[in-house]
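Trainee: Structure provided below as structure tokens; questions to follow.
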Amino acid sequence: MTRHFGQFSASRSDAHGGWRRRSAGAPQGLEEPDRRQASSGRRSGPRLSGLPRFRSVASRVFLLQLVIMVLFAAAAGVALVLQAQNATMQEARNLSFAVAETFAHAPGTLDAMKSENPSALLQPRAEEARKEAGVDYVVAFDPQGFRWTHPDPKLIGKHIFALREGEAIDRPFTQTFEGSLGLSVDSTVPVYDTGGKTIVGFVAVGITVDTVNDVVRDQLPKLLGFAAGALAVAAGGAALISWRLRRQTHGLDPSEMTRMYEHHDAVLHAVREGVLIIGGDGRLLLANDEARRLLDLPADAEQRRVTDLGLEAETAELLVSGRAATDEVHLAGDHLLAVNIRPVDHHGGRHGRVATLRDTTELRALAGRADVARERLRLLYEAGVRIGTTLDVVHTAEELAQVAVPRFADVATVDLQDPVLQGEEPAGPGPEMRRAAVHGMEGAWPLFPVGELIRFVPSNPVAVGVERGHAVLDADLTASHDWRAQDPERTRRILDCGLHSLITVPLQARGVVLGMVTFWRAEQAAFEEEDRAFAEELAARAAVAIDNARRYTREHALAVTLQRSLLPRSLPEQSAVEVAHRYLPARAGVGGDWFDVIPLPGARVALVVGDVVGHGLHAAATMGRLRTAVRTFSTLDLSADELIRHLDELVTRVDSEGSDGEGITGATCLYAIYDPVAGLCSLARSGHPGPALVHPDGTVEQLQVPVSPPLGLGGGLPFEKAEFTLSEGSRLVLYTDGLIEDRNRDIDTGLAMLHDALTGPGLTPDETCRAVLDALLPARPSDDIALLVARSRLLDPSQVADWDVPGDPAVVAGIRADAARRLEEWGLEELAFSTELVISELVTNAIRYGAAPIRLRLLRDRSSLICEVADGSSTSPHLRRAAATDEGGRGLFLVAQFTQRWGTRYMPRGKVIWTEQSLHSTATEPDADTTDALLDQWGDADW
């Protein structure tokens with residue numbers, strides 16, 4: 001008998017904990033999936049539910065005969081197959097074992113396994129043996145399970161994973177198993193060293209047995225022929241009987257026909273749909289119980305014409321029309337019926353039709369309520385979008401009234417407690433409220449107008465709702481005496497205009513009643529209980545928006561109050577410039593824009609404009625800190641660039657020390673110092689827009705001030721200043737970026753508009769501010785605006801007197817006399833004594849402790865007399881209290897007593913000691929005795 005062998009591929013395991021390896025010839029990762037697929041394939045097959053169902057007797061006999069013949073043929077085939085398998089299996093075991101023994105004990109096998117490269121020696125021999133023996137693989141591997149040979153060179157050196165079942169590893173064994181390619185045999189033989197005790201390696205040989213053998217092929221045609229003949233005879237007889245019975249019973253036996261009738265009758269009368277069977281002649285053949293109930297049919301309705309049953313004309317016409325219909329709605333008494341009609345053909349007889357009737361009355365009511373609920377949900381969604389678009393309390397109340405009308409009510413009114421309108425939280429619910437919004441359909445409604453303060457009586461539904469904290473429904477206002485008690489005359493007019501029903505709902509947020517919203521109906525049906533829940537939900541959403549607007553109003557008011565308290569309330573008196581200013585907060589909230597005018601010694605003035613990033617309380621507080629810092633630094637009489645540098649260092653230090661996450665970095669500032677004596681203006685800026693200068697002839701110039709980074713971002717770089725000489729009457733315009741920048745225009749356009757607004761002579765600073773804002777102020781400014789306009793003045797040369805002072809103390813008396821004569825010319829004789837005292841002290845100190853050159857200057861402006869002594873040294877005198885035994889140290893004390901203020905100003909070379917005496921509130925001049933006592937302590941040479 002001829003055998004056909006294929007590729008060996010399977011795995012085995014040692015149940016007693018032996019060593020595990022993969023079968024020698026199988027590729028890794030294929031054994032178990034193949035086995036599962038094979039097993040799944042054996043289980044799969046046609047489902048029994050897919051077989052034809054045999055109901056008649058003839059069909060059942062035919063089926064029994066067919067099954068017997070199939071089983072007989074199958075049994076014979078199985079016997080032949082088993083016999084062939086046993087023979088081929090034994091032959092495969094013998095062959096694989098013989099090949100494995102022969103290769104293992106062949107000359108050179110042991111030496112090759114013990115060599116340094118066994119694969120190089122064994123692989124050619126293994127392939128030659130496999131081809132000559134007709135096996136699928138010859139694999140040699142070491143005791144650790146690593147292959148030396150394999151038909152697939154890629155698997156040489158790979159580890160074998162499988163289990164040996166019930167055998168010791170030191171003896172040959174053969175195992176039979178079912179693999180993915182069929183029944184397979186694997187034989188493994190150990191190879192010992194020359195001593196016979198040490199295993200050097202293993203040789204595994206595998207064969208796959210073909211399950212189809214010659215015996216099966218010889219007997220299969222005869223078996224199939226015999227079975228086919230028997231089946232043909234049985235099928236012929238059964239088919240004849242089945243044909244005869246099928247004509248009479250339509251393929252059904254009596255029990256099935258009886259059961260089918262009973263089932264159909266039960267279903268027909270149990271369904272909740274009416275069923276009518278109508279003949280081709282228009283007579284009613286059958287009607288179930290539901291159809292009799294829906295159409296109110298008489299007991300003898302069957303076999304009568306449909307048109308004689310008293311049905312609605314349209315319904316009867318549809319039933320006898322013969323046309324198909326799908327869910328056509330018709331009225332039958334109190335019922336709305338959905339009618340479906342389908343024609344039927346009685347096997348060549350007269351045509352008929354089947355009609356089904358479904359009661360949709362309740363469904364229509366439910367559908368109507370579902371539409372209302374869907375509309376309410378849509379309205380709530382729109383309310384969430386439309387209410388609270390702004391942070392204004394009154395506007396939010398108006399949005400609530402507008403959302404409710406006309407889809408829920410014909411008129412809506414909103415009443416709020418007075419503290420809510422002012423941004424405060426009410427202390428508790430109260431009967432007094434102010435009408436905030438009224439919105440209704442077209443027409444005049446006799447309700448309380450907007451803005452009126454209403455005190456609701458205790459019986460009024462609004463007062464009841466406030467007390468209970470829940471919505472109050474008054475479905476019929478004509479019968480409500482409590483509601484009429486509020487204002488009988490007004491309520492009569494309300495009823496006359498058609499309002500007949502209301503729901504009033506508290507506007508509550510965080511447990512606090514903010515106000516009440518009342519919904520009125522005139523043309524719509526009266527409110528019902530289910531409307532109350534919707535009104536409460538709508539009011540709850542609106543209350544949150546109103547409360548947010550209230551809290552914003554409070555914070556905005558606090559920020560505005562804080563900012564206005566930090567900005568200059570009034571400008572200080574000074575004679576250097578004529579000043580006008582404007583400050584406009586943004587609609588989004590209070591920002592950090594600020595300005596200041598600071599008088600400086602020597603009749604000079606400092607002009608400051610700054611901007612802080614952001615809005616709100618933090619921006620306002622930051623602005624106050626920066627303004628205070630600038631005023632503090634200005635008392636040191638620093639130059640413009642030095643002051644900006646100190647301010648930048650302060651911002652950097654404050655931000656590095658802060659931990660709240662809100663710093664000052666990014667703020668901008670422009671600082672200008674104007675000296676009316678020389679007409680000189682010195683400017684420095686940090687990230688701020690440059691100023692504009694309007695010359696007396698009306699031309700506009702954008703001053704080029706060196707640009708520096710915003711405060712806190714300078715990184716230690718030096719700040720530069722620019723100096724300009726201003727003609728008298730020039731207007732210096734300082735502003736923040738909110739004036740020239742806007743979301744609808746770029747900065748270049750804003751600067752061009754600013755220049756156009758400033759062009760032209762003869763305008764005062766206040767008129768200039770008005771013209772600029774009229775031209776550039778947007779309708780809804782997104783940033784706050786600070787504007788400062790200063791018109792320059794020059795001090796008349798006749799109001800200035802100066803002397804060069806030699807370094808000799810003897811000249812002090814002469815200089816003092818010259819100063820007295822100049823004071824007399826100015827009409828300031830009452831200040832002569834104190835001024836001579838100041839000059840004597842300051843000039844004497846400059847000569848003794850200072851350095852050349854020394855200069856004395858007297859300035860007379862509109863409000864003060866200024867005395868300045870300059871010298872070339874940087875040492876500054878300090879005021880101290882002299883002891884009783886000290887011979888000196890009282891000079892600066894006297895200066896401080898006879899002047900309004902004094903100080904030191906440093907210059908690039910040297911310093912200036914200055915004093916100011918007020919022209920309007922002069923100090924009391926000492927009497928003659930006191931004066932003589934003080935002056936007698938020093939001789940003229942000491943001055």
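Trainee: If I filter segment 393-409 for residues that are at pLDDT 90 or above, in contact with a Leu (Cβ under 9 Å, 6 or more places away or on another chain), more than 27 Å from C497 (Cα to Cα) and of a type outside the set (K, R), do I get at least one hit?
Mentor: Within segment 393-409 (the criterion being at pLDDT 90 or above, in contact with a Leu (Cβ under 9 Å, 6 or more places away or on another chain), more than 27 Å from C497 (Cα to Cα) and of a type outside the set (K, R)), the answer is yes, since at least one residue qualifies.
Trainee: Which condition number does A239 fail, the rest of (1) at pLDDT below 70; (2) touching a helix residue (DSSP H, G or I) at 6+ places or on another chain (Cβ under 9 Å); (3) over 21 Å from L95 (Cβ atoms); (4) surrounded by 15 or more Cβ atoms within 10 Å (Cβ to Cβ) being met?
Mentor: For A239, the exception is condition (4).
Trainee: Here's a follow-up. Would you point out the residue of segment 381-427, among those that are part of a loop (DSSP other than H, G, I, E, B) and free of Cβ contacts under 8 Å to residues at least 24 places away in the same chain, that is farthest from A509 (Cα to Cα)? Show your work before the answer.
Mentor: Our first condition is that a residue be part of a loop (DSSP other than H, G, I, E, B); within segment 381-427, this holds for 387-392, 405-410, 417, 422-427.
From what is left, the residues that are free of Cβ contacts under 8 Å to residues at least 24 places away in the same chain are 389, 427.
Numbers: T389: 18, A427: 13 Å.
Applying the filter and picking the extreme gives T389.
Trainee: If you take just the strands (runs of 3 or more DSSP E) that sit entirely in segment 686-742, which of them hold at least 3 residues that are among the aliphatic types (A, V, I, L, M) and closer than 24 Å to Y583 by Cβ?
Mentor: Filter on segment 686-742 gives 692-694, 731-735.
Trainee: Give the number of residues within segment 564-600 that are surrounded by fewer than 20 Cβ atoms within 10 Å (Cβ to Cβ), in a loop (DSSP other than H, G, I, E, B) and not basic (K, R).
Mentor: Going through segment 564-600 one residue at a time, the tally reaches 8.
Trainee: For segment 601-629, which residues satisfy the criterion of being farther than 21 Å from S792 by Cα, assigned to a loop (DSSP other than H, G, I, E, B) and either outside the structural domain of G679 (by TED's automatic domain parsing) or not hydrophobic (A, V, I, L, M, F, W, C) (or both)?
Mentor: The answer is G614, G616.
Trainee: Would a scan of segment 124-139 turn up a residue that is modelled with pLDDT of 85 or more, under 16 Å from V189 (Cα atoms) and either not in a helix (DSSP H, G or I) or not assigned by TED's automatic domain parsing to the domain that holds I207 (or both)?
Mentor: yes
Trainee: Kindly establish whether L638 is without any contact (Cβ under 8 Å) to a residue 24 or more places away in the chain, of a type in the set (A, V, I, L, M) and in a helix (DSSP H, G or I).
Mentor: Against the criterion (without any contact (Cβ under 8 Å) to a residue 24 or more places away in the chain, of a type in the set (A, V, I, L, M) and in a helix (DSSP H, G or I)), L638 does not qualify.
Table: residues versus (1) at pLDDT 90 or above; (2) of a type outside the set (A, V, I, L, M); (3) outside the structural domain of A533 (by TED's automatic domain parsing).
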site: R435; (1), (2), (3): yes, yes, no
site: E442; (1), (2), (3): no, yes, no
site: I454; (1), (2), (3): yes, no, no
site: D482; (1), (2), (3): no, yes, no
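Trainee: Please go through segment 407-456 and pick out each residue that is under 17 Å from A522 (Cα atoms), surrounded by fewer than 21 Cβ atoms within 10 Å (Cβ to Cβ) and acidic (D, E).
Mentor: E442
Trainee: How about segment 428-485: which strands (runs of 3 or more DSSP E) wholly inside it have at least 1 residues that are small (G, A, S) and more than 12 Å from M516 (Cβ to Cβ)?
Mentor: 432-440
Trainee: Checking T835 against (1) in contact with a Leu (Cβ under 9 Å, 6 or more places away or on another chain); (2) surrounded by fewer than 18 Cβ atoms within 10 Å (Cβ to Cβ); (3) hydroxyl-bearing (S, T, Y), which test does it fail?
Mentor: Looking at each condition in turn, T835 falls short on (2).
Trainee: May I ask you to list pairs of residues, at least six apart or on different chains, whose Cβ atoms are under 6 Å apart, with the first in segment 87-103 being part of a helix (DSSP H, G or I) and the second being of a type in the set (G, A, S)?
Mentor: Short answer, once both residue conditions are applied: S96/S187; F97/S187; V99/A133; A100/S187; F103/A129.
Residues checked against (1) of a type in the set (D, E, K, R); (2) closer than 18 Å to R376 by Cα; (3) assigned by TED's automatic domain parsing to the domain that holds P426; (4) not in a strand (DSSP E or B):
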site	(1), (2), (3), (4)
L495	no, no, yes, yes
Q508	no, no, yes, no
R532	yes, yes, yes, yes
A535	no, yes, yes, yes
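Trainee: Restrict the check to segment 647-669 and report whether at least one residue is assigned to a strand (DSSP E or B) and under 30 Å from L758 (Cα atoms).
Mentor: Among the residues of segment 647-669, at least one is assigned to a strand (DSSP E or B) and under 30 Å from L758 (Cα atoms), which makes the answer yes.
Trainee: Also, quick follow-up: When you check L828 against the structure, is it in contact with a strand residue (DSSP E or B) (Cβ under 8 Å, 6 or more places away or on another chain) and surrounded by 18 or more Cβ atoms within 10 Å (Cβ to Cβ), yes or no?
Mentor: For L828, the condition - in contact with a strand residue (DSSP E or B) (Cβ under 8 Å, 6 or more places away or on another chain) and surrounded by 18 or more Cβ atoms within 10 Å (Cβ to Cβ) - is met.
Trainee: Would you check if T632 is of a type in the set (S, T, Y), surrounded by fewer than 23 Cβ atoms within 10 Å (Cβ to Cβ), assigned by TED's automatic domain parsing to the domain that holds L726 and free of Cβ contacts under 8 Å to residues at least 60 places away in the same chain?
Mentor: Answer is yes for this residue.
Trainee: Which members of segment 104-123 meet the condition of being within 14 Å of V200 (Cβ to Cβ) and either assigned to a helix (DSSP H, G or I) or β-branched (V, I, T) (or both)?
Mentor: A104, T109, L110, D111, A112, M113, K114, P118, L121, L122
Trainee: If you don't mind, another one. With the structure loaded, tell me whether G690 is in contact with a helix residue (DSSP H, G or I) (Cβ under 9 Å, 6 or more places away or on another chain) and in the same structural domain as E720 (by TED's automatic domain parsing) or whether it fails that test. Quick ask: steps written out before the conclusion?
Mentor: Details: in contact with a helix residue (DSSP H, G or I) (Cβ under 9 Å, 6 or more places away or on another chain): no; in the same structural domain as E720 (by TED's automatic domain parsing): yes.
Spelling it out, it is not the case that G690 is in contact with a helix residue (DSSP H, G or I) (Cβ under 9 Å, 6 or more places away or on another chain) and in the same structural domain as E720 (by TED's automatic domain parsing).
Trainee: Could you tell me which numbered condition Q524 fails, if it satisfies all but one of (1) in contact (Cβ under 8 Å) with a residue 60 or more places away in the chain; (2) touching a Gly at 6+ places or on another chain (Cβ under 9 Å); (3) not aliphatic (A, V, I, L, M)?
Mentor: (2)
Trainee: For segment 265-309, which positions are basic (K, R), part of a loop (DSSP other than H, G, I, E, B) and out of contact with any Asp or Glu (no Cβ under 9 Å at 6 or more places or on another chain)?
Mentor: Across segment 265-309, the qualifying residue is only R304.
Trainee: Follow-up question, since we're still on this one. From the set of residues in segment 783-794 that are surrounded by 20 or more Cβ atoms within 10 Å (Cβ to Cβ) and of a type outside the set (G, A, S), which is modelled with the lowest pLDDT? Give the derivation first.
Mentor: Taking segment 783-794 first, the residues surrounded by 20 or more Cβ atoms within 10 Å (Cβ to Cβ) are 783-793.
Checking the rest, the ones that are also of a type outside the set (G, A, S) come to 783-785, 787-789, 791, 793.
On the way: D783: 82, D784: 85, I785: 88, L787: 93, L788: 94, V789: 95, R791: 95, R793: 92.
Selected residue: D783.
Trainee: Further question on the same structure: Considering D697, D746, which residue is over 22 Å from L607 (Cα atoms), exposed (fewer than 14 other Cβ atoms within 10 Å of the Cβ) and free of Cβ contacts under 8 Å to residues at least 40 places away in the same chain? First the steps, then the outcome.
Mentor: Details: D697 fails: free of Cβ contacts under 8 Å to residues at least 40 places away in the same chain.
Checking each option against the conditions leaves just D746.
Trainee: Which ones in segment 140-149 are part of a loop (DSSP other than H, G, I, E, B) and either among the hydroxyl-bearing types (S, T, Y) or touching a helix residue (DSSP H, G or I) at 6+ places or on another chain (Cβ under 8 Å) (or both)?
Mentor: Those that are part of a loop (DSSP other than H, G, I, E, B) and either among the hydroxyl-bearing types (S, T, Y) or touching a helix residue (DSSP H, G or I) at 6+ places or on another chain (Cβ under 8 Å) (or both): D142, W148, T149.
Trainee: What number of residues within segment 813-835 satisfy the criterion of being under 15 Å from C867 (Cα atoms) and either among the hydrophobic types (A, V, I, L, M, F, W, C) or in contact with a Cys (Cβ under 6 Å, 6 or more places away or on another chain) (or both)?
Mentor: So the count comes out to 10.
Quick grid of which residues meet (1) surrounded by fewer than 21 Cβ atoms within 10 Å (Cβ to Cβ); (2) modelled with pLDDT of 85 or more; (3) at positive phi:
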residue	(1), (2), (3)
I839	no, yes, no
L842	no, yes, no
G850	no, no, no
T885	yes, no, no
A896	yes, no, no
P908	yes, no, no
T930	yes, no, no
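The values are calculated or read from the model by the stated rules, or taken from the named source; none is laboratory data. Bear in mind the structure is a predicted one, so any value in this text is a computation, not a measurement. When we count neighbours, we look across all protein chains shown, and the Cβ atoms used for this are built from the backbone with ideal geometry, even at glycine.
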